[in-house]
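Asker: Mind having a look at this structure? Questions to follow.
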Amino acid sequence: MSAMQDGSMETNEYASLTAVEIGNLIRGRQISPLEVTRAALRRLDEVEPSINAFVTVTADLALDQARKAEDAVMRGGRLGPLHGIPTSVKDLIAVGGVRQTFGSRTRADHIAITDAPSVERLKDTGAVIVGKTTTTEFGVKAAGDSPLTGLTRNPWNPERTTGGSSCGAAASVAAGVTPFGLGTDGGGSIRIPSAFCGLFGVKAQFARIPVHPPSATPTLGHVGPLARSVRDAALVLNALSGHDERDPASVNAPPPDFLRACDAGVQGLRIAWSPTLGYARPTAEVVQVCSTAVRTFEDMGCKVEEVDQVLEGDPFDIFVADFYAGIGVQLGEALRSHRDILDRSILGVLDSAVGQSLDDYMRSIFGRYQLRDRLRKFFARFDLLMTPTVPVPAFEVSLTQPRELPERSIVNWVFYTYPFNLTGQPAASIPCGFTADGLPLGLQIVSRPLFETDLLRAAAAFEAARPWRGRVPVITSPGDKAQNNLPSPSLD
């Protein structure tokens, strides 16, 4: 109760707590929603000069929500599953009455009219929104910068990228501002920065969390959490999932209990481990760290089989025809009239996608159906597929793609993530170890369609077997030598 009354705390008082822990303490009246929110805002102020994770800070909104949350606690009112827990929202997602810039100078002053369904549910379940986080311009590339906001920096090393496009969400959660953040994933934009920043990030089944207004990539885009723990992400999925008639693709079935799934065992799960999917080119260090992680599942009683050729080839051409065409159409006027203020690195790929012929576009659509059918047959043999999330560690913050893959484009260097936006099935990145330089790496886990429960129980079991919560970055200024409290470069 003293925390309810005392307003003095250190800026990082709650930085090591998970959302589940914060929620339990609030329900028990051991900590105050208002003080947790004030601590999050203090932490934001403290680290923002080093990481640049926020486009808009909504301190007044957050404090108002926190006061209402605290009043409900003290009155014995209804408490939602996210009651009083601070979070952030990526700037591709609408928060009514707040700037929604899409990371673009062409939308710098745009104000969202209404809340997206995911934001409505955040508010309905008691979450406190501290701000809008940075994104690459319209979520188009997999690095962590935009012409509007500049470079978002990785808390593990400010000279390295966060990855994208949910760059600010990942940086802020890794830096201890909030225990989770809301991101989007049209080709890996939750999983890539989660891998680079040492977080668990998940896109559930396509449209498990409804999207409205429609995404610029309406058949590929997902909304989902980036979190410090598997159970935090499951808690958020429970709160945000469910049918919404505004999204015609919205899954019209009661969602499973994702949090309960985290307590199920993994004995007997059939796992395929593929270092390359048949075409990717990861570094040796990435393969070594991820393969070591996969052996943990064997130790827990899973049946693991290495599979070299999961796909016939790289499906990036199928992906680019849909993803970039959708964004290019949405940006049509800007591409014609404001090219000088758009991110120059995205212009070529957008022009190419918009200029494709109808025949080429329809061939990509049919290719997507063939890809789905191949993976349907593949998952008849396996419950889960595991791959590296990214082929390289976080690279220099000023680059749009890694030096190791100079011939690749602004997105297709990630190799592993975009195939599962084409299929829409659940996929996540879980922290699985560190490089010799102390940078986090992620293991991607993909489940059968609609079987997020298998993904979450495997992830929770791995988290218990090889916990990472005690390994957190010490935020430094750009140019300083990174300092991380890592006794060794692995999770062993």
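Asker: Exactly one condition in (1) among the polar types (S, T, N, Q); (2) under 21 Å from residue 102 (Cβ atoms); (3) under 26 Å from the mean Cα position of the chain (by Cα) is not met by residue 337; state its number.
Answerer: Only one criterion in (1) among the polar types (S, T, N, Q); (2) under 21 Å from residue 102 (Cβ atoms); (3) under 26 Å from the mean Cα position of the chain (by Cα) is unmet by residue 337, namely (3).
Asker: What about residue 302, is it more than 25 Å from the chain's Cα centre (by Cα), surrounded by 17 or more Cβ atoms within 10 Å (Cβ to Cβ), modelled with pLDDT of 90 or more and at negative phi?
Answerer: Answer is yes for this residue.
Each row is one residue, and each column tells you yes or no for (1) among the basic types (Lys, Arg); (2) assigned to a helix (DSSP H, G or I); (3) under 24 Å from the mean Cα position of the chain (by Cα).
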| residue | (1), (2), (3) |
| --- | --- |
| 272 | no, no, yes |
| 276 | no, no, yes |
| 289 | no, yes, yes |
| 297 | no, yes, yes |
| 312 | no, no, no |
| 322 | no, yes, yes |
| 327 | no, yes, yes |
| 333 | no, yes, no |
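Asker: Here's something else I'd like to know. Among the residues of the stretch 405-417, are any among the hydroxyl-bearing types (Ser, Thr, Tyr) and closer than 19 Å to residue 219 by Cα?
Answerer: yes
Asker: From 284, 293, 280, 321, which residue is aliphatic (A, V, I, L, M) and modelled with pLDDT under 95?
Answerer: 321
Asker: Still on this model: In contact with a strand residue (DSSP E or B) (Cβ under 8 Å, 6 or more places away or on another chain) and either aliphatic (A, V, I, L, M) or free of Cβ contacts under 8 Å to residues at least 24 places away in the same chain (or both): which single residue out of 371, 384, 335, 347 fits that description?
Answerer: Result: 384 is the single residue among 371, 384, 335, 347 that is in contact with a strand residue (DSSP E or B) (Cβ under 8 Å, 6 or more places away or on another chain) and either aliphatic (A, V, I, L, M) or free of Cβ contacts under 8 Å to residues at least 24 places away in the same chain (or both).
Asker: Just checking, which of 78, 67 is over 15 Å from residue 213 (Cα atoms) and modelled with pLDDT under 95?
Answerer: It is 78.
Asker: Checking residue 328 against (1) of a type in the set (Gly, Ala, Ser); (2) closer than 19 Å to residue 426 by Cα; (3) crowded, with 22+ Cβ neighbours inside 10 Å: exactly one of these is not met. Which one?
Answerer: (2)
Rundown of residues vs (1) farther than 22 Å from residue 373 by Cβ; (2) out of contact with any Leu (no Cβ under 7 Å at 6 or more places or on another chain); (3) surrounded by 15 or more Cβ atoms within 10 Å (Cβ to Cβ), yes/no style:
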{"position": "267", "(1), (2), (3)": "yes, yes, no"}
{"position": "274", "(1), (2), (3)": "no, no, yes"}
{"position": "285", "(1), (2), (3)": "yes, yes, yes"}
{"position": "290", "(1), (2), (3)": "yes, no, yes"}
{"position": "298", "(1), (2), (3)": "yes, yes, no"}
{"position": "306", "(1), (2), (3)": "yes, yes, no"}
{"position": "309", "(1), (2), (3)": "no, yes, no"}
{"position": "314", "(1), (2), (3)": "no, yes, yes"}
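Asker: Please go through the stretch 167-219 and give me each residue that is closer than 13 Å to residue 154 by Cα, polar (S, T, N, Q) and more than 10 Å from the chain's Cα centre (by Cα), ordered by number.
Answerer: The answer is 172, and nothing else.
Asker: Give me the residue from the stretch 75-89 that is in contact with a Lys or Arg (Cβ under 8 Å, 6 or more places away or on another chain) and surrounded by fewer than 24 Cβ atoms within 10 Å (Cβ to Cβ) and, out of that set, farthest from residue 167 (Cα to Cα).
Answerer: Taking the candidates together, the pick is 79.
Asker: So, one more: Taking the conditions exactly as written (farther than 20 Å from residue 459 by Cβ and in contact with a helix residue (DSSP H, G or I) (Cβ under 9 Å, 6 or more places away or on another chain)), does residue 308 satisfy them or not?
Answerer: The answer is no for residue 308.
Asker: Only residues that are among the β-branched types (Val, Ile, Thr) and either buried (at least 24 other Cβ atoms within 10 Å of the Cβ) or in contact with a helix residue (DSSP H, G or I) (Cβ under 8 Å, 6 or more places away or on another chain) (or both): list them for the stretch 90-134, please.
Answerer: If the condition is that a residue be among the β-branched types (Val, Ile, Thr) and either buried (at least 24 other Cβ atoms within 10 Å of the Cβ) or in contact with a helix residue (DSSP H, G or I) (Cβ under 8 Å, 6 or more places away or on another chain) (or both), then 93, 95, 98, 101, 106, 125, 128, 129, 130, 133, 134 are the ones that fit.
The values are calculated or read from the model by the stated rules, or taken from the named source; none is laboratory data. Not measured: the values here are computed from a predicted model. Glycine gets a Cβ as well: all are built from the backbone with ideal geometry, and neighbour counts include every protein chain shown.
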